[in-house]
Amino acid sequence: MKKTEQLYEGKAKKVFKTDDPNYVIVDYKDDATAFNGLKKGTIVGKGVVNNKVSNHMFKMLEKHGIPTHYVEELSDRETVVKSVSIVPVEVIVRNIAAGSLSKRLGIPEGTKLKSTVLEYSYKDDELGDPMINDYHVYAMGLATPEEMEKIAEYSFKVNEVMTEYLKQFGIELIDFKLEYGRCNGEIILADEISPDTCRFWDSKTGEKLDKDRFRQDLGNVEDAYQEILKRLMGE
Ligand code: C5P
């Protein structure tokens with residue numbers, strides 16, 4: 001498959017067309033942003049970690065019956081994925097209070113939630129990805145009730161499977177963000193699953209092994225990304 005013109009450049013990835021309209025190539029960058037682009041920086045090696053970790057997770061989730069956009073890893077930073085039309089709804093799944101949930105509701109970081117929380121936000125950089133609910137989704141025509149039912153079902157399943165999977169590596173899954181796309185009329189998991197989009201804490205020490213190290217200037221940012229790669233894939 002041949003990489004052709006660049007389709008899009010986002011904050012953490014570039015997407016290229018290929019000679020087959022059904023597939024695109026994602027190229028993961030080391031650029032890091034936080035707080036809706038207000039904080040910018042570079043995390044050396046992040047692109048490689050996110051590419052490999054994401055592909056590893058997608059392959060594992062496929063085995064558990066979750067359809068994803070993953071096709072083939074081409075290099076350290078590049079992966080062929082199915083071309084999808086992204087549903088402009090970001091899905092956040094939370095097991096333990098942290099980040100914006102702690103801030104918004106005054107629940108101390110690290111508090112175990114009595115049940116899993118599912119949140120949606122409208123994927124729009126200019127508006128700062130505001131939180132919405134199902135009624136907004138239908139009122140704005142972002143997705144159908146059937147699609148949202150699938151999205152919720154898959155998101156809870158991803159949470160169950162990933163939480164269990166990560167335990168063996170001494171990683172606690174605090175929360176994460178998912179994005180879905182439409183491909184041949186079906187909803188499939190798209191975007192990435194990586195330390196950029198998940199909160200991973202060391203199960204024993206509670207050490208943060210994710211992008212919060214960058215957001216909160218905690219230091220050892222690169223080391224945390226490498227640690228996740230090492231634990232999951234022995235690299
Ligand atoms: O900031 P907040 O606490 O709402 O983030 C919840 C989870 O979603 C975190 O794991 C964060 O990394 C992820 N997230 C993301 N992209 C966003 C917003 C949140 O990956 N635009």
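The values are calculated or read from the model by the stated rules, or taken from the named source; none is laboratory data. Small disclaimer: the values here were computed from a predicted structure and weren't measured. Cβ: placed from backbone, ideal geometry, glycine included. Neighbour counts: every protein chain shown. These area figures cover heavy atoms from the full protein model, side chains too; ligands, DNA and RNA do not enter into them. Shrake-Rupley method; radii C 1.70, N 1.55, O 1.52, S 1.80 Å.
Residues in the range 56-85 that are part of a strand (DSSP E or B) and in contact with a Lys or Arg (Cβ under 7 Å, 6 or more places away or on another chain) were compared, and the one that is least open to solvent (accessible area, probe 1.4 Å) is 70.
Do we find that residue 37 is out of contact with any Ser or Thr (no Cβ under 9 Å at 6 or more places or on another chain), in contact (Cβ under 8 Å) with a residue 12 or more places away in the chain, open to solvent by less than 30 Å² (accessible area, probe 1.4 Å) and within 25 Å of residue 158 (Cα to Cα) in this structure?
no
Taking the criterion of being open to solvent by less than 40 Å² (accessible area, probe 1.4 Å) and more than 22 Å from residue 171 (Cβ to Cβ), the only residue of the range 40-55 that qualifies is 41.
When the range 151-182 is limited to residues that are in contact with a Lys or Arg (Cβ under 8 Å, 6 or more places away or on another chain) and surrounded by fewer than 18 Cβ atoms within 10 Å (Cβ to Cβ), the one that is nearest to residue 100 (Cα to Cα) turns out to be 170.
Has the range 13-28 got any residue that is within 13 Å of the ligand (Cβ to nearest atom), within 21 Å of residue 215 (Cβ to Cβ) and touching a Ser or Thr at 6+ places or on another chain (Cβ under 7 Å)? So far as the range 13-28 goes, no, none of its residues is within 13 Å of the ligand (Cβ to nearest atom), within 21 Å of residue 215 (Cβ to Cβ) and touching a Ser or Thr at 6+ places or on another chain (Cβ under 7 Å).
Listed here are the residues, each with its yes/no results for (1) of a type in the set (A, V, I, L, M); (2) touching a strand residue (DSSP E or B) at 6+ places or on another chain (Cβ under 8 Å); (3) at negative phi.
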position	(1), (2), (3)
170	no, yes, no
174	yes, yes, yes
178	yes, yes, yes
181	no, yes, yes
186	no, no, yes
195	no, no, yes
199	no, yes, yes
203	no, yes, yes
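With the requirement that a residue be near the ligand (Cβ under 9 Å from one of its atoms) and open to solvent by 20 Å² or more (accessible area, probe 1.4 Å), what does the range 198-227 give you? Of everything in the range 198-227, those that are near the ligand (Cβ under 9 Å from one of its atoms) and open to solvent by 20 Å² or more (accessible area, probe 1.4 Å) turn out to be 199, 211, 215. When the residues of the range 1-34 are filtered to those that are hydroxyl-bearing (Ser, Thr, Tyr) and without any contact (Cβ under 8 Å) to a residue 40 or more places away in the chain, the one that is least open to solvent (accessible area, probe 1.4 Å) is 33.
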